Amino acid sequence: MNRYTIPSPALSEPGDKAINRIQDLRLVRVEKLRDEGIGSTRAWEITFKVPSLQQAGLGSAEEAAIKANQIRAGMQIALLPVNNNARVERALEGLKDVQRPQWKGNMATDTLVQGQLPGRDNAFIPPQMLSPAQILAHTVDLTRPTKELMSLVMAESNENWGSYATLPVEEFVNLEGIRGRLSLSDLQKWQPPLENRKYTPSRVDLKKGEISLMVSDTPCSVQHPDGRTLHCHGSMMGYLSDVIDQFTPSQQPVIHGFLDVRKHKLPYHKDEAPKILIGTGVGIAPHLAYLRECAAEGKNPNVPLMIVGVRRESEQLRDNELRGYLPRGTLQYAYSRPALGEGQYVDTALKANAKTVWQALQAGGSLYLCGREDMRKGVDATLLDIARTEGGKSLEDAKTWLKEVVYNKDNPKEHLLEESMSFHDRFYEDKHKKRMAKLNPENGKTT
Ligand SMILES: Cc1cc2nc3c(=O)[nH]c(=O)nc-3n(C[C@H](O)[C@H](O)[C@H](O)COP(=O)(O)OP(=O)(O)OC[C@H]3O[C@@H](n4cnc5c(N)ncnc54)[C@H](O)[C@@H]3O)c2cc1C
Ligand SMILES: NC(=O)c1ccc[n+]([C@@H]2O[C@H](COP(=O)([O-])OP(=O)(O)OC[C@H]3O[C@@H](n4cnc5c(N)ncnc54)[C@H](OP(=O)(O)O)[C@@H]3O)[C@@H](O)[C@H]2O)c1
């Protein structure tokens, strides 16, 4: 099997290169935490062997990072996605300048080697040595067509292609009227590059050299113009679920990724003050890593309250284990779609525990948030409320407290809210806009 390595763009950034290097993460365990149910998604905890984590043979960079607490619960790692065979083959069918793929390998487990790909710095492998299938599998984000890609074909037609904007790219290029009009280089130019995905591990085990992650299927479906309902998911979920399905204890697929020590996402170790832990869905992962770490080190975590937001009771993850770690603290669930009664989000549960929250914050404690970006708004509003009811503050004073104490604008390192949030649309709403603005600095639009 040919093996190539695709370095992440992050590698070209200055910093701790030894530890940021791309490495083989070997799957050693896959545990299914939740099966698909009505309105529920599957969830897994998957464990990788990470070579540079093993104590023996640590380089100085690794040792320094461990000493600096960067490789502990709350750290982040990055995985490099690959578009799977089905997506790549379907996309190639619709392009004007490429044959059906010749490659009979498996994109999910055959990864690319020793060098960089077109579009990245210092390309060691001449692009002509890579097949179109390899290029598509490893470099192009196929989530959905950018408006720039759509405008290439829209310009010549009166049809309103905008309504196809949510189709996966491989379906878009095969639409009647578009098939055979876009090229591989169009895709490479106008789609975002396939970038690494961040994860906050649910276990960091330095002794075994293992890291675990919690992931769930992200539900998403779109209607194809021909009437089919397409169940799409992000590139990483497609890739991870492919790899998970191939896992057997004797065959341990490898994923490429790196320990991203440039930013420790949730600094649980900054002090011993009380911690309120809040997470939605698999966003409990880093909190669980922290509680597991405390248990392994024989420490009692100072966690008076943990709030977990899930859709219904059957979506609880690692419930017994969590309860075991919190004998003195409260574990509270917020069910957004319960079988009976009204749904609530984590902020309602936060409000119901206003006294505990206020006491913890007054004692120098912090809130640790992990999960969806949009949960922060609800948490902020609830904190304002708590400052008024428990702290007796006026609305104006509560706002000032939120800004100056909770977020501490003067000293952001000493704020009360530690967060690791995921934007729903990481490329299309944010990075892609910036990339396009760079291509055309005048107005951020393409011509
Ligand atoms: C610091 C940090 C830590 C994180 N830790 C974790 C973690 O521990 N566990 C975890 O699961 N995640 C974590 N995430 C999120 C993770 O990095 C990925 O963003 C997440 O796994 C989704 O990646 P993806 O490739 O599956 O989706 P993306 O490709 O990023 O897609 C984004 C969204 O678009 C939707 N989508 C895909 N195709 C289409 C389409 N054609 N039309 C419309 N919508 C579409 C997908 O359903 C998805 O919701 C973390 C993020 C950050 C920033
Ligand atoms: N940044 C990180 O470190 C990190 C770590 C792990 C996971 N994640 C991310 O976290 C998410 C977890 O996915 P998941 O499927 O397990 O769960 P999820 O989609 O986050 O859903 C969990 C619960 O959150 C609720 N929710 C939706 N909007 C909310 C809001 N504005 N405020 C509060 N709660 C809200 C959902 O309710 P409804 O669906 O009923 O509206 C559901 O009950 C993914 O996006 C994942 O990528 C991030």
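The values are calculated or read from the model by the stated rules, or taken from the named source; none is laboratory data. Fair warning: this is a prediction, and the values are worked out from it, not measured in the lab. Note that we place each Cβ from the backbone using ideal geometry, even for glycine, and neighbour counts take in every protein chain shown.
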Here's a check for you: in the stretch 215-225, which residue that is part of a loop (DSSP other than H, G, I, E, B) and more than 16 Å from ligand 2 (Cβ to nearest atom) is nearest to R144 (Cα to Cα)?
H224
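Please specify each residue of the stretch 341-381 satisfying the condition of being within 16 Å of ligand 1 (Cβ to nearest atom) and assigned to a helix (DSSP H, G or I).
Start the filter on the stretch 341-381 by keeping residues that are within 16 Å of ligand 1 (Cβ to nearest atom), which leaves 368-376.
Passing the criteria: M375, R376.
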Select from the stretch 188-209 the residues that are under 18 Å from S235 (Cα atoms) and away from ligand 1 (no atom under 16 Å from the Cβ) and list them in ascending order.
Q188
Scanning for something closer than 28 Å to R435 by Cα, in contact with a Pro (Cβ under 8 Å, 6 or more places away or on another chain) and aromatic (F, W, Y), does the stretch 165-187 turn up at least one residue?
yes
Only one of these conditions is not met by Q252: (1) in contact (Cβ under 8 Å) with a residue 24 or more places away in the chain; (2) in the same structural domain as T382 (by TED's automatic domain parsing); (3) more than 16 Å from ligand 1 (Cβ to nearest atom); (4) not aliphatic (A, V, I, L, M). Which number is it?
(2)
I need the full set of residues from the stretch 193-209 which are outside any strand (DSSP E or B), out of contact with any Asp or Glu (no Cβ under 6 Å at 6 or more places or on another chain) and more than 15 Å from ligand 2 (Cβ to nearest atom), in order please.
L206, K207, K208, G209
Specify the residue that is modelled with the lowest pLDDT; the eligible residues are those in the stretch 411-440 that are under 17 Å from S366 (Cα atoms) and either more than 29 Å from the chain's Cα centre (by Cα) or within 16 Å of ligand 2 (Cβ to nearest atom) (or both).
M421
From the list S241, S212, which residue is hydroxyl-bearing (S, T, Y) and either part of a strand (DSSP E or B) or more than 19 Å from L33 (Cβ to Cβ) (or both)?
S212
Restrict the check to the stretch 236-249 and report whether at least one residue is in contact (Cβ under 8 Å) with a residue 40 or more places away in the chain, assigned by TED's automatic domain parsing to the domain that holds H415, within 16 Å of ligand 2 (Cβ to nearest atom) and among the small types (G, A, S).
no
Please work out if I307 is within 16 Å of ligand 1 (Cβ to nearest atom) and over 30 Å from P51 (Cβ atoms).
no
Determine which single condition I77 fails, assuming it passes every other condition in (1) among the β-branched types (V, I, T); (2) surrounded by fewer than 22 Cβ atoms within 10 Å (Cβ to Cβ); (3) out of contact with any helix residue (DSSP H, G or I) (no Cβ under 8 Å at 6 or more places or on another chain); (4) at pLDDT 60 or above.
(2)
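Please go through the stretch 274-323 and give me each residue that is of a type in the set (D, E) and more than 27 Å from Q362 (Cα to Cα), ordered by number. Full working, then the answer.
Residues of the stretch 274-323 of a type in the set (D, E): 293, 297, 313, 315, 319, 321.
The answer is E297, E313, E315, D319, E321.
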Out of (1) outside the structural domain of V169 (by TED's automatic domain parsing); (2) surrounded by 17 or more Cβ atoms within 10 Å (Cβ to Cβ); (3) more than 11 Å from ligand 1 (Cβ to nearest atom), what's the single condition that is false for E272?
(2)
